[in-house]
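Enquirer: I'd like to ask you about the structure that follows.
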Amino acid sequence: MASLDTAGTVETSKTKTPKMWFWTSPGKMFLAMAVIASGWLIQRWYQQWAGWEFGMDSTHPDFQFYWMNLFYFNLAFTAALGIGIWSYLWLTRDRDMVNLAPREEVKRIFNFVGILTCYVFAVYWAGSFFAEQDAAWHQVAIRDTSFTPSHIVLFYGAFPLYIVLGITSYVYAMTRLPIYSRRISIPLTMAVAGPFMLMPNLGFNEWGHAFWAFEEIFTAPIHYGFVIFGWTALALGGVLMEVVNRFVNYLFPTIYGKDFAKELTDKKSPMSL
Amino acid sequence: MAVSESGSDSKLGSGADLRFLSRIFDFAVALIVLMLLMAAFHVHAMLTIGDWDFWVDWKDERFWVVITPVLLITFPAAFQYIFWENFRLPFAATLCLLALVLAEWITRVTAFNMWAYMPFSMVWPATLIPGAIVLDLVLMLTGNMLMTAIFGGMAFGLMFYPGNWPMLAAFMQPVDVHGSLMSVADQIGYTYTRTSTPEYLRIINRGTLRTFGGSAAPVSAFFSAFLCIIMYMIWWQIGKFFCKLITIPNVLRTHMGYGQEEKPNEGDLPLKA
């Protein structure tokens with residue numbers, strides 16, 4: 001006996017439904033995170049190898065070879081990655097969102113959560129790992145250029161990558177999820193646009209460091225722009241509330257029936273919440 | 001397979017399936033929250049109180065004691081709103097500070113020690129976990145933002161210095177160096193030169209700092225407690241703001257199959273504001 005579920009897929013009694021039908025690609029998420037971590041650990045190793053040896057004098061030919069080439073690579077790679085992913089997402093968008101089946105929407109929400117996880121993971125490398133490393137370097141080594149060994153990885157590698165992934169999550173949400181395509185979500189916009197603004201704010205940072213703040217104090221006002229735009233990451237709390245609202249008010253009642261809350265609190269089940 | 005009115009078959013629509021889905025969603029969100037805190041809270045911390053936290057000789061009794069709790073009660077207050085008001089979870093503050101300390105230790109090891117070659121005795125981060133536990137406890141027991149701000153916020157500020165004293169005490173011991181009296185922390189700071197950092201000790205150790213008989217810290221802690229109460233209330237509201245479900249019209253909606261005009265119910269329920 002065959003039946004058609006709400007996702008529009010045909011199932012037979014012989015077909016075994018995957019237990020994790022709602023999230024078919026967590027492996028891809030962990031793979032993406034592993035690739036991101038590997039890329040940054042390799043660049044961290046490169047910093048260790050070439051930082052003190054070739055990264056102290058920007059006028060030296062070795063600096064041009066070992067560091068400026070990494071700078072060009074980071075920018076070119078992230079630009080190509082962004083254009084590729086965004087183009088793919090836009091060209092393959094759902095053109096009939098009105099008739100999206102509830103189960104398919106659940107799957108897409110979990111994919112969205114997976115992309116957000118990769119985005120936040122990339123923000124971690126930029127905002128924590130390489131950002132405080134920048135303090136360790138610049139409070140010890142005197143700078144003679146904006147393109148220092150720590151900046152090339154932080155500002156021109158880690159920052160562009162999380163911007164690419166942030167916009168990817170935004171484009172995915174707008175082209176595949178009803179709650180983000182019908183109207184524009186301000187929390188999601190802030191969660192992506194706010195951290196993005198750290199990059200333009202870099203202009204102020206470098207301008208200040210070039211003209212008056214030659215020494216490095218991390219708590220100086222010249223860095224407060226990074227702080228304020230960093231606060232907007234809190235808007236992911238709003239994104240969480242949007243998704244939970246969608247589950248509770250529409251998807252769960254539609255898929256599991258109006259009494260779905262009783263199922264969640266069934267104490268007889270070992271999976272009871 | 002039987003198909004219910006809601007479109008779910010007997011297996012996919014079961015309570016166990018729903019509980020499993022909810023549990024996986026919880027894990028995914030937990031991963032995002034942890035990394036988000038390690039990124040955003042760490043950026044906030046390093047650029048507002050970072051220098052005091054980086055170096056042992058910056059951990060003075062005047063500004064370190066005041067500034068650190070005041071600026072680090074921010075994210076805990078905002079996350080307490082998100083976690084408590086929406087999910088009744090009473091561990092937001094502790095989670096924030098745990099994530100922060102974890103992120104800090106990663107960079108103190110990989111950057112400050114392994115790349116800038118500073119000893120751990122010089123770059124260990126402060127902890128606010130004791131105050132965070134009390135903050136969570138007060139919220140859990142009272143369930144009231146105002147009470148938490150007054151009693152929890154005050155405790156958060158007051159407990160900072162005694163909470164760190166077991167780590168700091170050894171570095172506050174006096175030492176005679178070529179006829180000059182200084183603390184062990186000062187001596188470490190003089191020994192490991194930070195070429196590109198202003199000398200904090202020459203800025204701070206002047207005026208009437210010693211007029212409390214060497215015990216300026218309690219006065220600073222009380223001032224910090226006062227400011228923490230105010231800061232907690234401000235950031236509770238900021239957390240509330242970032243969770244607001246605000247949307248604006250999407251001019252690109254026709255590209256996803258929607259009509260030009262918005263309809264009251266386009267296949268789902270409206271978001272709960």
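The values are calculated or read from the model by the stated rules, or taken from the named source; none is laboratory data. Since this is a predicted model, take the numbers as computed values, not measurements. Glycine gets a Cβ as well: all are built from the backbone with ideal geometry, and neighbour counts include every protein chain shown. Ligands, DNA and RNA are stripped out before the accessible areas are found, and what is left, the full protein with its side chains, is counted by its heavy atoms. Shrake-Rupley method; radii C 1.70, N 1.55, O 1.52, S 1.80 Å.
Enquirer: Heavy-atom accessible area per residue, the protein assembly as shown, 1.4 Å probe: how many Å²?
Expert: So the protein assembly as shown comes to 43 Å² accessible per residue, rounded to a whole number.
Enquirer: With a Förster radius of 41 Å, plug the Cβ-Cβ distance of B:Ala169 and A:Ser58 into 1/(1 + (r/R0)^6) and report the FRET value to the nearest 0.05.
Expert: Rounded to the nearest 0.05, the efficiency is 0.40.
Enquirer: Oh, and also: Have a look at B:Gln237, B:Gln173, B:Gln260 and tell me which one the Gaussian network model of chain B (Cα, springs below 10 Å) gives the largest fluctuation.
Expert: Among B:Gln237, B:Gln173, B:Gln260, the largest mean-square fluctuation in the Gaussian network model of chain B belongs to B:Gln260.
Enquirer: Give the interface area between chains B and A as buried accessible surface, both sides summed, probe 1.4 Å, in Å² to the nearest 100.
Expert: When B and A are taken together, about 9100 Å² of accessible area is lost.
Enquirer: Would you work out the charge dipole size for the protein assembly as shown about its Cα centre, treating the Cβ of every Lys and Arg as +1 and the Cβ of every Asp and Glu as -1, and quote it to the nearest 20 debye?
Expert: 1440
Enquirer: Something else: Cα-Cα pairs above 23 Å in the range A:32-265: how many percent?
Expert: I get 55 percent for the Cα pairs in the range A:32-265 exceeding 23 Å.
Enquirer: Right, here's the next one. With +1 assigned to the C-beta of every Lys and Arg and -1 to the C-beta of every Asp and Glu, and no other charges, what is the dipole magnitude of the range B:20-245 about the Cα centre in debye, to the nearest 20?
Expert: Rounded to the nearest 20 debye, it is 340 debye.
Enquirer: Here is a further query. Ignoring ligands, DNA and RNA, what percent of the 1.4 Å accessible area of the range A:32-265 is carbon and sulfur?
Expert: Of all accessible area on the range A:32-265, carbon and sulfur atoms account for 72 percent.
Enquirer: For the range B:51-136, place one equal point scatterer on every Cα, skip the solvent, and apply the Debye formula. What is log10 of I(q)/I(0) at q = 0.11, 0.12, 0.18, 0.21 Å⁻¹?
Expert: -0.36, -0.42, -0.80, -0.97
Enquirer: So if we plug the beta-carbon distance of A:Asp144 and A:Ala261 into 1/(1 + (r/R0)^6) with R0 = 51 Å, what FRET efficiency do we get, rounded to 0.05?
Expert: In this case the efficiency is close to 0.20.
Enquirer: Another question, if that's okay. Over chain B, what is the mean sequence separation of C-alpha contacts under 8 Å (at least six apart), divided by residue count, expressed as relative contact order in percent?
Expert: 23
Enquirer: Relative contact order for the range A:32-265 using alpha-carbon pairs under 8 Å, separation at least 6, rounded to a whole percent?
Expert: The normalised contact order for the range A:32-265 reaches 24 percent.
Enquirer: Moving to a separate point now. For the range B:87-172, rounded, prolate or oblate, judged on the Cα gyration tensor with a ≥ b ≥ c (square roots of eigenvalues), a/c < 1.5 rounded, else prolate if a/b > b/c?
Expert: oblate
Enquirer: Can you tell me the 0 to 90 degree angle between the C-alpha axis of helix A:198-211 and the longest principal axis of chain A, rounded to 10?
Expert: With both axes taken from Cα atoms, the answer is about 10 degrees.
Enquirer: Between rounded, prolate and oblate, where does the range B:21-61 land on the alpha carbon gyration tensor, with a ≥ b ≥ c its root eigenvalues, rounded for a/c under 1.5, else prolate if a/b exceeds b/c?
Expert: It is prolate, given that a/c is not under 1.5 and a/b is the larger ratio.
Enquirer: Sticking with this one: Rank B:Ser180, B:Ser196, B:Ser14 by mean-square fluctuation in a GNM of chain B with C-alpha springs under 10 angstrom and give only the top-ranked residue.
Expert: Comparing B:Ser180, B:Ser196, B:Ser14 in a Gaussian network model of chain B, the most mobile one is B:Ser14.
Enquirer: May I pose another question? Given the rule -39500 (n - 2.57) for each run of at least 4 DSSP H residues, summed and divided by the residues of the protein assembly as shown, what is its mean residue ellipticity at 222 nm, to the nearest 500 deg cm²/dmol?
Expert: When only DSSP H runs of four or more count, the value is -17000 deg cm²/dmol.
Enquirer: Can you tell me the equivalent ellipsoid semi-axes for the range B:20-245? Use √(5λ) from the Cα gyration tensor, largest first, whole Å.
Expert: For the range B:20-245, the ellipsoid semi-axes come out as 34, 21, 13 Å.
Enquirer: Run through every distinct alpha carbon pair of the protein assembly as shown and return the Kirkwood hydrodynamic radius in angstroms, one decimal place.
Expert: Radius from the Kirkwood sum: 25.5 Å.
Enquirer: Moving on. Taking DSSP loops as anything outside H, G, I, E and B, show the longest stretch in chain A free of trypsin sites (Lys or Arg not before Pro) there with at most 15 other beta carbons within 10 Å.
Expert: The segment A:96-257 is the longest one with no such site.
Enquirer: OK, next. Could you calculate the FRET efficiency of A:Arg95 with B:Leu245 from 1/(1 + (r/R0)^6), where r is the beta carbon distance between them and R0 is 35 Å, rounded to 0.05?
Expert: So the FRET efficiency works out to roughly 0.85.
Enquirer: Can you give me the angle between helix A:26-54 and the longest principal axis of chain A, using Cα atoms only, in degrees from 0 to 90, rounded to the nearest 10?
Expert: It works out to around 0 degrees.
Enquirer: Follow-up. Name the most mobile residue of B:Thr247, B:Thr195, B:Thr94, meaning the one with the largest mean-square fluctuation, in a Gaussian network model of chain B with Cα contacts below 10 Å.
Expert: B:Thr247
Enquirer: In chain B, what percent of the accessible surface is made up of carbon and sulfur (1.4 Å probe, ligands and nucleic acids excluded)?
Expert: Whole-percent figure for carbon plus sulfur exposure: 68.
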